[in-house]
1. Against the condition within 33 Å of the chain's Cα centre (by Cα), free of Cβ contacts under 8 Å to residues at least 12 places away in the same chain and open to solvent by 80 Å² or more (accessible area, probe 1.4 Å), how does residue 79 come out, does it pass?
2. Quick one: would you say residue 24 is modelled with pLDDT under 95, over 40 Å from the mean Cα position of the chain (by Cα) and either surrounded by 10 or more Cβ atoms within 10 Å (Cβ to Cβ) or assigned to a helix (DSSP H, G or I) (or both)?
Amino acid sequence: MSNHELLHAISNMLTPIREDIRGIKKDMQDMKSDMEELREDIRELKEDVRILKEDVQILKEDVRKLKEDVRNLKEEVRKLKEEVQELKVRVKNIELTLENIVMPRLNTIESCYTSTFERYKISVEDYENMKQDISVCKEVLAEHSEKLKRLA
């Protein structure tokens, strides 16, 4: 076999290897393209994670503020409960005072007023009669005074 034939035979043997290498190169190109897409996706994911971290930080701050607000509200509610309890005691004392002191006195005043009213209601008629009698007496007195002046 000559060198030329030998080279040709080696060349024929290398053809499938060359085709395999071409396939590998093509696969490598595809992998490079896929890697670029992956890198871009990773960059986007990193940006999304950064934004999420910021959002989570903001949420944590909001939750901290809410917790503080709730704590303040609880304190205010506790104070209000104490004040309501004090008001209940005061209202109870007012009710007792009304029941035990004011109402009996009002009843006494009402009773006195009613009895006085009844007495004076009866005497109003007498008063009216006395007014008429006095009026008549005045007229008679005036008339008699006139008569006495004429006689004198």
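The values are calculated or read from the model by the stated rules, or taken from the named source; none is laboratory data. Source: prediction; values computed, not measured. Here Cβ is always computed from backbone atoms with ideal geometry, including for glycine, and neighbour counts include all displayed protein chains. Side chains included, ligands, DNA and RNA excluded: accessible areas come from the protein's heavy atoms. Shrake-Rupley method; radii C 1.70, N 1.55, O 1.52, S 1.80 Å.
1. Against the criterion (within 33 Å of the chain's Cα centre (by Cα), free of Cβ contacts under 8 Å to residues at least 12 places away in the same chain and open to solvent by 80 Å² or more (accessible area, probe 1.4 Å)), residue 79 qualifies.
2. The answer is yes for residue 24.
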